[in-house]
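> For reference, the structure I am asking about is given below.
Read-outs throughout are calculated quantities, based only on the coordinates presented, and are distinct from any laboratory measurement. No experiment lies behind these values; they were computed from the predicted model shown. Positions of Cβ are generated from backbone atoms using ideal geometry, with glycine treated the same way; all protein chains shown enter the neighbour counts.
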Amino acid sequence: MKRVVVIGAGQAGLSAAYHLRRSGLAPWDDYLILDGSPGPGGAWQFRWPSLTLKTVNGVHDLPGMEFAETLAAGADPGEVPASAAVPKYFAEYESRFALPVRRPAKVVVVVCDRGDHFSIETSTDTIATRGLINATGTWEQPFVPRYRGMETFAGRQLHTKDYRSAEEFRGKHVVVVGGGISAVQLLDEISLVTSTTWVTRREPVWLDRDFTPDVGREAVAMVEDRVRRGLPPGSVVSVTGLLLTPSLAAARERGALERHPMFDRVTPTGVEWSDGTTVAADVILWATGFRSALDHLAPLHLRGPGGGITMTGRLATQVERNPRIHLLGYGPSASTVGANRAGRAAVQELLTTV
C-alpha cells in the first residue's frame, strides 16, 4: 500500500514527485511514479526532430534544477532537437533527486476498492494506493475529427503525433487542418518545401500584443474558470490567439498562411467544400490537437454529463467527486509553468487527505 502514486513522469509528474520527496515521504515505500514510456522525457522524447529549442514555446525549469545546467556550453538552440535535450534534462533530474520512477509501467485501469484506496492495474502488476496524482498529459490521445469520405482518400493521412519531417512531403500537395500552435508551426515548415492548403474551423485570431506573463495568466484564469464549472478545458490558444513570430510573419509574406474554411468532405483525390470547390491533395495532415489521456480512470466516473470534470482546490487540480485524486496537466496546469505550481499545490492538498 502506497500513500501516493503518481501516474506519468513528464513535467507535471516530476514536479509532483519532487514535492513528495520534499514532504519527507520515503521513495518506493510511501510513494511511487509510474511511467509508461521507455525512457525519461515524457512526450518530449517523441516530438518531431525539426522541433528545436528555438522553435518550442519554452521549456520551463523543474523545481530545484535549471534546464540550462544540462545544455552543452555554447549550444545553439536552433540546432538542438527538443526530443534529445528535454529527455536528457528529465533523466538527470530523476537521478539528482533519486525519484522512484518505475518504467515502462503502462497503467491499464484504476478502480476504487471499498472506498478507502485505489487499485492501479499496470502492464506488469497491480498497486494499491490511498492517493492518486494523475499526470498523463495528452500525447497518447491524439484527436482526429470525422468527415465524410475520409475512408475513401487515396493519399496519406496522418496526425501531428506521426509527423517527422517536411522533407517526406516534397513534391506533394499537403492540406494542413487545424488552427493551433502546432498546426501553424508545421504549416510553416512544410510550405518551405512544397505546396500547401491551410484549413481551419474558425477564423484564426492573431495575438496583437506580446505574449507577456499577464497575457498568460489571463488565459490560464479563463481555462481554470471552465474546469471549476465542470466544463471541458478548451485550449489556451482559443483564448489568447496565435503569436505571430518572425518565422510565421515570413510564412504569411509568402502566402502560406492564407486560411480556408473547413471543407465539407474528403474525396479520393482531395477535399471538397459545400459550394463544389475542390483541392487536389496527396497528404492530409490533421493538426487537430489532443485530448486528455484519462481513459484508464473511466471506472472512477469522474466526468459529468457534458464530458468535463469538475475541479476544485487552490489551483483547480483536485477532483470534486473524489478529493483523493488530483489531475495535473488538465486544464490550467497543462502548461509547463502551470504544471510546476500545480505539482506543489496538489501534493500539499493531497497529503492532508491521505
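> Suppose the chain between ALA249 and MET262 were pulled fully straight at 0.36 nm per residue; how much longer would it get relative to their current alpha carbon spacing? Could you put the intermediate results ahead of the total?
Working: separation 13, 0.36 × 13 = 4.68 nm, distance 2.28 nm.
Value of the extension gain: 2.4 nm.
> Counting other Cβ atoms within 10 Å, which trypsin sites (Lys or Arg not before Pro) in region 82-116 have at most 11 and lie in a DSSP loop?
On the way: sites: LYS88, ARG96, ARG102, LYS106, ARG114; in loops: LYS106, ARG114.
Hits after loop and neighbour filter: ARG114.
> Another one. What FRET efficiency comes out for the pair ARG146/HIS60, r = Cβ-Cβ distance, R0 = 30 Å, nearest 0.05?
E between ARG146 and HIS60, to the nearest 0.05, is 0.30.
> Provide, in order from the shortest bin, the percent of all Cα-Cα pairs of region 1-65 in each 5 Å bin, continuing until the bin that contains the maximum pair distance.
4, 15, 24, 20, 18, 9, 6, 4, 1
> So what is the relative contact order of the chain, in percent, for Cα pairs below 8 Å that sit 6 or more residues apart?
Details: 708 pairs, mean separation 80.1, N = 354.
Relative contact order for the chain comes out at 23 percent.
> Output the relative contact order of region 244-354, whole-number percent, from Cα pairs under 8 angstrom with separation of 6+ residues. Mind dumping the intermediate values first?
On the way: 88 pairs, mean separation 13.0, N = 111.
Relative contact order comes out at 12 percent.
> For region 319-329, what does the Karplus curve 6.51 cos²θ - 1.76 cosθ + 1.60, with θ = phi - 60°, yield as ³J(HN,Hα) per residue in whole Hz, taken in order and with x for Gly and Pro?
Going residue by residue, I get 6, 4, 6, 8, x, 8, 10, 10, 10, 9, x Hz, with x marking Gly and Pro.
> Kindly rank 7-16, 33-42, 127-136, 46-55 from highest to lowest mean number of other beta carbons found within 10 Å of each residue.
Sorting 7-16, 33-42, 127-136, 46-55 by mean packing, highest first, produces 7-16, 127-136, 33-42, 46-55.
> Quick one: which residues, 5 or more positions from GLN157 or on another chain, have an amide H under 5 Å from its amide H? H modelled 1.01 Å from N in the peptide plane, none for Pro or chain starts.
Result for GLN157 returns ILE284.
> For region 98-171, state the average projected area of the convex hull of the C-alpha atoms over all orientations, rounded to one decimal in nm². Before the final figure, lay out each step's value.
Working: hull surface 38.0 nm².
Averaged projected hull area, Cα only: 9.5 nm².
> Assuming 1.306 mPa s and 10 °C, estimate D for region 36-153 with Stokes-Einstein, Rh taken as the Kirkwood radius over Cα pairs, in µm²/s.
92 µm²/s
> Under 15 Å between alpha carbons, and skipping anything fewer than 8 positions from LYS106 in its own chain: which aspartates and glutamates qualify?
ASP35, GLU121, ASP125, GLU140, ASP295
> To the nearest 20 debye, what charge dipole does the chain have about its Cα centre, counting +1 at the Cβ of each Lys and Arg and -1 at the Cβ of each Asp and Glu? Could you put the intermediate results ahead of the total?
On the way: 38 positive and 37 negative charges, 155 e Å.
With Lys and Arg at +1 and Asp and Glu at -1, about 740 debye.
> Hey, of (i) 22.6; (ii) 21.6; (iii) 20.0, which did the structure itself give for Kirkwood radius over Cα pairs in Å when calculated?
(ii)
> Between PHE46 and GLN348, what FRET efficiency follows from the Cβ-Cβ distance if R0 is 22 Å, with the result rounded to 0.05?
E between PHE46 and GLN348, to the nearest 0.05, is 0.10.
> Calculate the radius of gyration of the Cα atoms of region 244-347 to one decimal place, then report Dmax, the largest Cα-Cα distance, as a whole number, both in Å.
In Å, with Rg to one decimal and Dmax whole: 20.7, 56.
> What angle, in degrees between 0 and 90 and rounded to the nearest 10, separates the Cα long axis of helix 82-96 from the longest principal axis of the Cα atoms of the chain?
That helix lies at roughly 10 degrees to the long axis.
> Please give the helix 181-191 orientation as an angle from the longest Cα principal axis of the chain, in degrees from 0 to 90, rounded to the nearest 10.
40 degrees
> Still on this model: Highest first, please rank the peptides 280-291, 75-86 by the mean number of other Cβ atoms sitting within 10 Å of their residues. Spell out each step's value before the answer.
Numbers: 280-291: 20.1, 75-86: 15.8.
Ranked from most to least packed, the peptides come out as 280-291, 75-86.
> Same structure again: Quick check: the angle from helix 11-22's long axis to the longest principal axis of the chain, C-alpha only, nearest 10 degrees?
Roughly 20 degrees between the two axes.
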